[in-house]
1. Which one is farthest from the ligand (Cβ to nearest atom), of the residues in the stretch 86-99 that are under 20 Å from A9 (Cβ atoms) and surrounded by 17 or more Cβ atoms within 10 Å (Cβ to Cβ)?
2. Out of W13, W81, W91, which single residue is aromatic (F, W, Y) and more than 19 Å from T113 (Cβ to Cβ)?
3. Looking only at the stretch 1-52, how many residues end up being in contact (Cβ under 8 Å) with a residue 12 or more places away in the chain, in a loop (DSSP other than H, G, I, E, B) and hydrophobic (A, V, I, L, M, F, W, C)?
4. Look at T22 and say whether it is modelled with pLDDT under 95 and within 17 Å of P108 (Cα to Cα).
5. Would the stretch 14-32 turn up any residue that is within 16 Å of the ligand (Cβ to nearest atom), surrounded by 14 or more Cβ atoms within 10 Å (Cβ to Cβ) and not small (G, A, S)?
6. Residues of the stretch 53-74 being surrounded by 11 or more Cβ atoms within 10 Å (Cβ to Cβ) and outside any helix (DSSP H, G or I), which ones?
7. Looking at the stretch 54-85, which of the residues that are in contact (Cβ under 8 Å) with a residue 12 or more places away in the chain and over 16 Å from the mean Cα position of the chain (by Cα) is farthest from the ligand (Cβ to nearest atom)?
Amino acid sequence: MNLGEFKLAVGNWSYVLKQDSTTGELIVVSLTPKTLIQKAKEYVKAEISVVTHKISLPVIDQRKEVCSTCDSVKQVSEDRWFCKSCGCGEWERSRLQVKWEMPAATSPLRKWTG
Ligand code: SF4
């Protein structure tokens, strides 16, 4: 199976990748930073999911567990953790404790998904 050309967003970057049909290797066709509009759409989707979807405590705990061992986590205090890879800055709604409870939020490094 050949994946052809496809898009992938990781962290603050949007990739276009292509699978070489003979070797199967993935080749980066283009790499561009996510636009402010893309980031805003992801944020709005995550905020809306708080009222449209439920999230279970085990999922929240699992997200916390993953972040607690991640090199990108910045622990300011016990209840103020931030992700250095998401590009959100440090404000109330970007705290990881808030994001873990947003059903549609995702880890920018795809370590956990919505
Ligand atoms: S959100 Fe993802 S990248 Fe950020 S600290 Fe958590 S696991 Fe690491």
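The values are calculated or read from the model by the stated rules, or taken from the named source; none is laboratory data. Keep in mind that what you see is a predicted model, and the values were worked out from it rather than measured. Cβ coordinates were reconstructed from backbone atoms using ideal geometry, including for glycine residues, and neighbour counts include every protein chain displayed.
1. So the residue we want is C88.
2. None of the others qualify; the one that does is W91.
3. Of the residues in the stretch 1-52, 1 are in contact (Cβ under 8 Å) with a residue 12 or more places away in the chain, in a loop (DSSP other than H, G, I, E, B) and hydrophobic (A, V, I, L, M, F, W, C).
4. For T22, the condition - modelled with pLDDT under 95 and within 17 Å of P108 (Cα to Cα) - is not met.
5. No: zero hits.
6. Result: H53, I55, C70, S72, V73, K74.
7. Across the stretch 54-85, the extreme among qualifying residues is K54.
Conditions (1) in the same structural domain as R63 (by TED's automatic domain parsing); (2) part of a loop (DSSP other than H, G, I, E, B), marked per residue:
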position	(1), (2)
V76	yes, no
F82	yes, no
G87	yes, yes
E90	yes, yes
R93	yes, no
A104	no, yes
P108	no, yes
T113	no, yes
